[in-house]
Amino acid sequence: MIKVGIIGLGLIGASILKALYNNKNYEIFCYSNSSFKKALKYTKNSSNNIEIIKNCDIIFVCTNISKTLETLKKLDKLLNKKTIVADVASIKKELLNKKFNFNFILSHPMAGSEKSGFDASEKDLFLNAKWLIEKNNKILNQIILVLGAKPTKINMLEHDELCAQISHLPTILSFLLFDSTSLKAKKIASSGFRDTTRLAITNSDLALSMFNDNKKNILKAFNNLTDKLNSLKKMSDDEKIDLFKKLAKNRAKMYDINGKNIF
């Protein structure tokens, strides 16, 4: 039985817990200052004392982005070199090339929600999602597959720039779109506005971390977006129609009818 530690029981950490707790191949150990009591429904090994995870084979660090490096430094004094530790942070700038007294693997599940906290978690959160990893590891890859995700190796030097385009900028734009829309318009808004501003209820601490810690890449992605808009303004109507048809076709290829990734 593999001992799996989870530090932080928000959306990601609690979803890992709910997906694994019934699997007899794993024994789950949880550490959280705020939600450890809620986890007792799923495992007897849950505490607000970090010592509870020190003998685990693999540990997922699922704290807030701003707390990830601090948590890893605490673990450096607690764990042995054989322990596998994987973070789930959506920003890697501070974590790149860091060395610890354990087997540290940068990772990031490409799954989430505008909702946050233990109560928003769900056992199928990672189903068909890509789980980004910097290197392959037998135990980590096995757990990712059990969670229903697909281990996907990428160059983590590119991670923050890519996530700015597909996650961080869309989140910030969602807030700004909601803010820039008049109250009169909001009163008649329907599903289109609802869907395009879904991310505007993202946890404010997470949104702040995204913007502050990945600002350079977010602004680069925003500048590219404004360049696209400026190009659109110069096109003829026929060119615009061709572009919209092409983009709609490519967008349709990305997801199935349930919104899950196809490629």
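Laboratory data are not the source of any read-out in this text; all were calculated from the coordinates shown. Everything quoted here is computed from the prediction, not taken from an experiment. Glycine gets a Cβ as well: all are built from the backbone with ideal geometry, and neighbour counts include every protein chain shown.
Taking a ≥ b ≥ c as the square roots of the eigenvalues of the Cα gyration tensor, the chain is classed as prolate, since a/c reaches at least 1.5 and a/b is larger than b/c. In terms of overall dimensions, the C-alpha atoms belonging to segment 159-252 reach 44, 37, 24 Å along their principal axes, ordered largest to smallest. For segment 2-153, the relative contact order is 24 percent, taking Cα pairs closer than 8 Å that sit 6 or more residues apart in sequence and dividing their mean separation by the residue count.
Charging the Cβ of each Asp and Glu at -1 and of each Lys and Arg at +1, and nothing else, the dipole of the chain about its Cα centre rounds to 300 debye.
As an equivalent ellipsoid, segment 103-175 spans semi-axes of 22, 18, 9 angstrom, where each value is the square root of five times an eigenvalue of the C-alpha gyration tensor, largest first.
Dividing the summed helix terms, -39500 (n - 2.57) for each DSSP H run of n ≥ 4, by the number of residues in the chain produces a 222 nm estimate of -11500 deg cm²/dmol to the nearest 500.
Compared with the dominant principal axis of the Cα atoms in the chain, helix 11-20 is inclined by about 60°. For the set 186/245; 67/93; 93/216; 38/123; 67/216, the pairs lying more than 23 angstrom apart at their alpha carbons are 186/245.
Charge tally around residue 56: other residues with Cβ under 13 Å, Lys/Arg +1 each, Asp/Glu -1 each, net 0. Residue ranges 56-68, 236-248, 99-111 sort as 56-68, 99-111, 236-248 when ordered by packing (mean number of other C-beta atoms within 10 Å per residue, highest first). Could you tell me which of rounded, prolate or oblate describes segment 26-115, using a ≥ b ≥ c as the square roots of the eigenvalues of the alpha-carbon gyration tensor, with rounded for a/c under 1.5 and, failing that, prolate when a/b is larger than b/c and oblate otherwise? Oblate shape, in that a/c is at least 1.5 and b/c is the bigger or equal ratio.
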